[in-house]
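No value in this document is a laboratory result; all are computed from the given coordinates. Bear in mind the structure is a predicted one, so any value in this text is a computation, not a measurement. Quick reminder, even Gly has a Cβ in these numbers, built from the backbone with ideal geometry, and neighbours come from all protein chains shown.
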Amino acid sequence: MLDISIVIPTKDEEISIAGFIDWCNAGLSKVGLEGEIVLMDSSSDRTPEIAKSLGARVINVEEPGLGRAYSAAQGQVVGKVIFLGDADCTYDFRELGGFLSKLELGFDFVIGNRFLGSIEKGAMPPHHQYFGSPATSYIFKHALGLPIGDIHCGMRAMTRELFESLPFLESGWEYATEMIVSARNLDAKMTEVPIKFFKEPIGRVSHHRRSSWLSPFKAGWGTLRVIATYLIDRLFVVPGSIILATSTIANILIFSFPKTFLSYIHAGILSQSILVFMTSIGAFGFTTGQLARFAYRRKLSSLKAISGSNLSKRMFSMLVVSTLLEFGLSLLVVLQWIHGFGHRVDHFEYNHSLISGWLALTSLYFCVLGISVVSLIGHHAQKFRN
């Protein structure tokens, strides 16, 4: 078995591929380890021919997408340590030592951090460097509590065992975020190292620019979607617990001290009905989050634990969006309820519209939640039958 496998998805990289392979060989020589360079290729130019002539192993990948390329590499690579990255000479594969030293300390997954290292002028668009990447990385880091400050960095290293365990269900740029969350759900020990980030070689056009000017924004939205969807346990359990506890206590107080409590908050049958709905919302949110935690504890990573098809995955994304709207509008209803429903005549139409919209969204939420939970249970049942 070789020490290192450098696994790289490639598509039409004939401008940079020779220089990249030279960098990889220099990096392997510097650390004094044996390794292989494996390209998961879907090119229509001379990239595979050039790579083979320089000693790289090329595996053809028919379906496009970074996530699909890495998924196709599972079972194909033999290194004890797997390095991932891009073939455009933006990541410095001449410097592998920092990653290896962290792995030797017992970490399973090491991610580069360009912001802690250096970014060559012009290597990253300003809206990426100063807004998009830092903002999404900040949200991600604090949502998970993991020491990862650059979630979009493509240069990564991990143990072969972890690489073979990752699901790679996201086919596009979202794979980078999915990989981190999946590793977290598998209890992998993670850390980061500062790295250098360079401009592309002259004449090369990035894949974002090859697609359209909207591509970076789609990638950003996809990252936020993955963060919310794959962190369903944290997203649901805490708000669900708060709503459940608050509405239950309020109902107990109304039942135990009806005259005092109802008089104080101007409450009535309508308010009690709203509290009953709130209790149901909190209970469903809490239960769904616990279901996700159960799935993660069984090592059924990421959406592999939640959905077995694209339809159910889209349904689960709808569940996340509807839950965020539900929690937000429920908070608005509670605030208005504390102010006093119907207490002022000039607020009657506003209150009526607010309650009607809230009940309609609540109905939609329960429908989406029910379908998603059925999908989850059905997928688990299928896995156990198999």
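How many nm is it between the label spots at Glu34 and Leu54, if each spot is 7 Å from the Cα in line with the beta carbon?
Distance between label points: 2.3 nm.
Run the quick spin-label model on Ser256 and Lys141: label points 7 Å from Cα toward the beta carbon, then report their separation in nm to one decimal.
So the two model labels end up 4.4 nm from each other.
How big is segment 4-230 along each principal axis, measuring the range of its Cα positions in Å and listing the largest first?
Sorted from largest, the Cα extents of segment 4-230 read 45, 41, 33 Å.
For all pairs of alpha-carbon atoms in segment 105-169, what percent lies in each bin of width 10 Å, listed from the first bin to the last filled one?
All Cα pairs, binned at 10 Å, distribute as 18, 45, 30, 7 percent.
Between Ser280 and Ala123, what FRET efficiency follows from the Cβ-Cβ distance if R0 is 51 Å, with the result rounded to 0.05?
After rounding to 0.05, the efficiency reads 0.50.
How much length, in nm to one decimal, is gained on full extension between Arg46 and Ala18, taken as 0.36 nm per residue of separation minus their Cα-Cα distance?
That works out to 9.0 nm of additional length.
Stretched out fully, how many nm does the piece from Gln74 to Tyr130 gain, at 0.36 nm a residue minus the Cα gap?
16.7 nm
What does the highest-first list of 110-123, 13-26 look like by mean Cβ count within 10 Å?
13-26, 110-123
Using the Cα atoms of segment 56-181 to build a convex hull, what is its mean projected area in square nanometres?
8.4
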